[in-house]
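*Asks:* What follows is a single structure, and I will ask about it in a moment.
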Amino acid sequence: METITVVLFLLFCVVVSDLLARTLPIPVPRPLYQIALGGVIGLFADLRVVLDPDIFFLLFLPPLLFLDGWHIAREEVFKDRFVILELAFGLVVLTVLGAGLFINWMIPAMPLAVAFALAAVVSPTDPIAVSAIAKHAPIPKRMMNILEGESLLNDASGLVCLRFAVAAALTGSFSLTDAALDFLWVALAGIAVGISLTWAVTRSKNMLARRIGESSATQTLVSLLIPFGSYLVAEHLDCSGILAAVAAGVTMSIEESSGQAQAATRIRRNTVWDTIQFAANGVIFVILGEQLPAILEGAAETVRMTGHHEPWWLGIYVVAICLGLAALRFLWVWASLQVSLLRTGQKRPPRHWRLISAMSLSGVRGAITLAGVLTLPLTMTDGSAFPARDLAIFLAMGVIIVTMVVATVFLPLLLNGLEMPRDSTADDQEAAARIAAAEAAIAEIERVQHSMAAGAKDADLFVTVGASLMDVYRERVRSRSQEGEAAVLVRRIDWIEREMRLAALRAERGEIFRRVRKYQLGSERARKLIRELDLLETRYSAEPKG
């Protein structure tokens, strides 16, 4: 009962943090509110979250990484694949080596292997925290795609490095050759497990759906089980469950492009997954805040072991690590930009120093860093306490908070008016897809019209209805085929129509609710009508604004 109470209270804190982030005029990202609420719990409430590292890892990381892989814009990421790979792998290796050596030099009480482990967990970035910070100064789409692609891959690479660092700390030995061979097995086998399991499960459920019908609830539950199944199978085979979860998400995205699932299934499943992502990320940050007072006490004791007695040395350590991480990221982003310009033959973009600075500040640490550092073992193989564990956890927490605060203050300033080199092919592809889809709809209406009208006494009625529908699609084809100023005018007209449709839909819904309150409409019929209006409003709300 106590565990259930704690879980419910943590979820309640996530809800409160969202309300605070959306109502208070201070532009503070939601994760900072969650950390603050957790800190209040840790200081004043008689409520303690006892964390088992393995269970914590299993509960939070597989679904979050799976969802990142599922929702990643594969084609957009592929266009900037060289930049993303340089950031996701090259920068992670540089961070683990450079920051690890720096931490060990700065804090001699922290063994080198533990310093490398800390550097590994602070190497992954968190695009969710970045998007929350930059909501008042939207990140250019291409830049966000790069950050999402980097985050997806550096989550996996950073956590795999953590695995080897912890193994070295536990055994007291490290072999580069053995580590390289182990890395190949861990990575390739993990990816293979995620791909093969997801492929087998999705093909099986699609086959069953065709034979016995599709259940939205079952399909949603299966999608929830896939990341955990991939992770557990991979860990059982002693390979990377993290990479298995990421590969499972990407495979899920590819399999979903077959269009087998029904529209209602996709809507309900996306709603469930959005809620899980919101709750899991929020709970992680609340737990961060709740653990902070106890970790601070343990870390202060560890600092005294280094010869210092003042707790403010902890702040110096955090700031120094953040400065080191920022310098490494800035230098790597600058070098990556130079290489990209040489490879593509492009000129330097205007205000490129602002671009480099924005990309550097966007390296905010978040949920994956916290989840990773909390999985540090409690004890060594001989039963003794894991060295400097509390200090490592506190420093990781400090890095998360400081990078968020710094990005909150400075990132909107750098992003104001910043534009990435635009890729016009995406707009052209969307317009071509809309035209092709409309033409396919016209052809299908013609076919169905002739099929339904054959032998019917009111055949002219089918012709009239079909012609009316085809006119809508023909107008879409005509409008999307415009270029230049005509295309700008079409987009303006679309925006005006969109705003009017949204206003009309809200008026419809208000009238339906009024009739329910006056008992002029039954609840069951009202739910059906409201769902139809909600789906239409979701469609128009998702379209770009003028």
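The values are calculated or read from the model by the stated rules, or taken from the named source; none is laboratory data. What you are looking at is a predicted structure, and each value in this text was computed from that prediction instead of being measured. Cβ coordinates were reconstructed from backbone atoms using ideal geometry, including for glycine residues, and neighbour counts include every protein chain displayed. Surface accessibility is based on the protein's heavy atoms, side chains included, excluding ligands, DNA and RNA. Shrake-Rupley method; radii C 1.70, N 1.55, O 1.52, S 1.80 Å.
*Asks:* Could you run through segment 37-53 and say how many residues are part of a loop (DSSP other than H, G, I, E, B) and surrounded by 18 or more Cβ atoms within 10 Å (Cβ to Cβ)?
*Replies:* Within segment 37-53, residues that are part of a loop (DSSP other than H, G, I, E, B) and surrounded by 18 or more Cβ atoms within 10 Å (Cβ to Cβ) number 1.
*Asks:* Quick one: Phe56 ticks every box in (1) surrounded by fewer than 20 Cβ atoms within 10 Å (Cβ to Cβ); (2) under 16 Å from the mean Cα position of the chain (by Cα); (3) under 21 Å from Gly229 (Cα atoms) except a single one, so which number is it?
*Replies:* Of (1) surrounded by fewer than 20 Cβ atoms within 10 Å (Cβ to Cβ); (2) under 16 Å from the mean Cα position of the chain (by Cα); (3) under 21 Å from Gly229 (Cα atoms), only one is false for Phe56: (2).
*Asks:* Could you list all residues from segment 1-57 that are aromatic (Phe, Trp, Tyr) and in contact with a Leu (Cβ under 9 Å, 6 or more places away or on another chain)?
*Replies:* Residues satisfying the conditions are Phe9, Tyr33, Phe56, Phe57.
*Asks:* Does segment 251-271 contain at least one residue that is more than 30 Å from Leu8 (Cα to Cα) and among the β-branched types (Val, Ile, Thr)?
*Replies:* yes
*Asks:* Let me ask something else. Determine if segment 111-120 includes at least one residue that is modelled with pLDDT of 85 or more, surrounded by fewer than 18 Cβ atoms within 10 Å (Cβ to Cβ), in a helix (DSSP H, G or I) and not charged (D, E, K, R).
*Replies:* The answer is yes, given that some residue of segment 111-120 is modelled with pLDDT of 85 or more, surrounded by fewer than 18 Cβ atoms within 10 Å (Cβ to Cβ), in a helix (DSSP H, G or I) and not charged (D, E, K, R).
*Asks:* One residue is enough: does segment 309-318 have a residue meeting the conditions under 30 Å from Phe44 (Cα atoms), open to solvent by 40 Å² or more (accessible area, probe 1.4 Å) and modelled with pLDDT under 70?
*Replies:* Yes, segment 309-318 has at least one match.
*Asks:* Has segment 495-512 got at least one residue that is farther than 26 Å from Ala437 by Cβ, open to solvent by 80 Å² or more (accessible area, probe 1.4 Å), at pLDDT 80 or above and not basic (Lys, Arg)?
*Replies:* yes
*Asks:* Continuing with this model, one more query. All but one of (1) part of a helix (DSSP H, G or I); (2) under 25 Å from the mean Cα position of the chain (by Cα); (3) at pLDDT below 80 hold for Ala432; which doesn't?
*Replies:* The failed condition is (2).
*Asks:* So is Glu537 open to solvent by less than 90 Å² (accessible area, probe 1.4 Å) and either β-branched (Val, Ile, Thr) or over 20 Å from Glu475 (Cβ atoms) (or both) or not?
*Replies:* Here the answer is yes, as Glu537 does meet what is asked.
*Asks:* Please determine, by comparing only the residues of segment 1-16 that are open to solvent by 80 Å² or more (accessible area, probe 1.4 Å) and under 25 Å from the mean Cα position of the chain (by Cα), which one is nearest to Leu37 (Cα to Cα).
*Replies:* Restricting to residues being open to solvent by 80 Å² or more (accessible area, probe 1.4 Å) and under 25 Å from the mean Cα position of the chain (by Cα), the top hit is Phe12.
*Asks:* Moving on. Taking the stated definitions as given, is Val477 closer than 17 Å to Ala431 by Cβ and surrounded by 11 or more Cβ atoms within 10 Å (Cβ to Cβ)?
*Replies:* Yes: the conditions hold for Val477.
*Asks:* Also: Here is a list: Glu235, Glu301, Glu255. Which entry is open to solvent by 10 Å² or more (accessible area, probe 1.4 Å), without any contact (Cβ under 8 Å) to a residue 40 or more places away in the chain and of a type in the set (Asp, Glu)?
*Replies:* Step by step, each of Glu235, Glu301, Glu255 is checked, and only Glu235 is open to solvent by 10 Å² or more (accessible area, probe 1.4 Å), without any contact (Cβ under 8 Å) to a residue 40 or more places away in the chain and of a type in the set (Asp, Glu).
*Asks:* Oh, and also: Looking only at segment 464-510, which residues are basic (Lys, Arg) and under 33 Å from the mean Cα position of the chain (by Cα)?
*Replies:* Arg480, Arg491, Arg492, Arg498, Arg501, Arg506, Arg509
*Asks:* Taking segment 361-391, which residues are touching a residue at least 60 places away in the same chain (Cβ under 8 Å), among the hydrophobic types (A, V, I, L, M, F, W, C), surrounded by fewer than 20 Cβ atoms within 10 Å (Cβ to Cβ) and farther than 15 Å from Phe116 by Cα?
*Replies:* Leu378, Met380
*Asks:* Consider Ala358 carefully, then state whether it is modelled with pLDDT under 85 and either part of a helix (DSSP H, G or I) or open to solvent by less than 50 Å² (accessible area, probe 1.4 Å) (or both).
*Replies:* Yes: the conditions hold for Ala358.
*Asks:* Kindly check whether there is at least one residue in segment 392-404 that is under 25 Å from the mean Cα position of the chain (by Cα), modelled with pLDDT of 85 or more and open to solvent by 40 Å² or more (accessible area, probe 1.4 Å).
*Replies:* Yes, the conditions are met somewhere in segment 392-404.
*Asks:* Quick one: what pairs do we get from segment 512-536, first residue without any contact (Cβ under 8 Å) to a residue 40 or more places away in the chain and part of a helix (DSSP H, G or I), second exposed (fewer than 14 other Cβ atoms within 10 Å of the Cβ) and of a type in the set (Ser, Thr, Tyr), C-beta under 7 Å, 6+ apart or different chains?
*Replies:* As it stands, the answer is Val516/Ser523, since those pairs meet every condition given.
*Asks:* Let me ask you something else. What residue, of Ser215, Ser196, Ser230, Ser204, is surrounded by 16 or more Cβ atoms within 10 Å (Cβ to Cβ) and either of a type in the set (Phe, Trp, Tyr) or under 19 Å from Ser258 (Cα atoms) (or both)?
*Replies:* One residue alone meets the criteria, Ser196.
*Asks:* Among Ser223, Ser240, which is the only one that is under 18 Å from the mean Cα position of the chain (by Cα), hydroxyl-bearing (Ser, Thr, Tyr), open to solvent by less than 50 Å² (accessible area, probe 1.4 Å) and closer than 19 Å to Leu58 by Cα?
*Replies:* After ruling out the rest, the residue left standing is Ser223.
*Asks:* Among the candidates Ile276, Ile254, which residue alone is more than 23 Å from Leu19 (Cα to Cα) and out of contact with any strand residue (DSSP E or B) (no Cβ under 8 Å at 6 or more places or on another chain)?
*Replies:* Going through Ile276, Ile254 in turn, just one is more than 23 Å from Leu19 (Cα to Cα) and out of contact with any strand residue (DSSP E or B) (no Cβ under 8 Å at 6 or more places or on another chain): Ile254.
*Asks:* Something else now. If we keep just the residues of segment 17-36 that are of a type in the set (A, V, I, L, M), open to solvent by 40 Å² or more (accessible area, probe 1.4 Å) and in a helix (DSSP H, G or I), which is nearest to Ile401 (Cα to Cα)?
*Replies:* The qualifying residue nearest to Ile401 (Cα to Cα) is Ala36.
*Asks:* If you don't mind, another one. Just need a number here: residues in segment 17-39 that are closer than 16 Å to Leu288 by Cβ and over 24 Å from the mean Cα position of the chain (by Cα).
*Replies:* Residues meeting the conditions: 1.
*Asks:* Can I ask one more? Go through (1) touching a helix residue (DSSP H, G or I) at 6+ places or on another chain (Cβ under 8 Å); (2) farther than 30 Å from Arg268 by Cα one by one and return the number of the condition Arg509 breaks.
*Replies:* The failed condition is (2).
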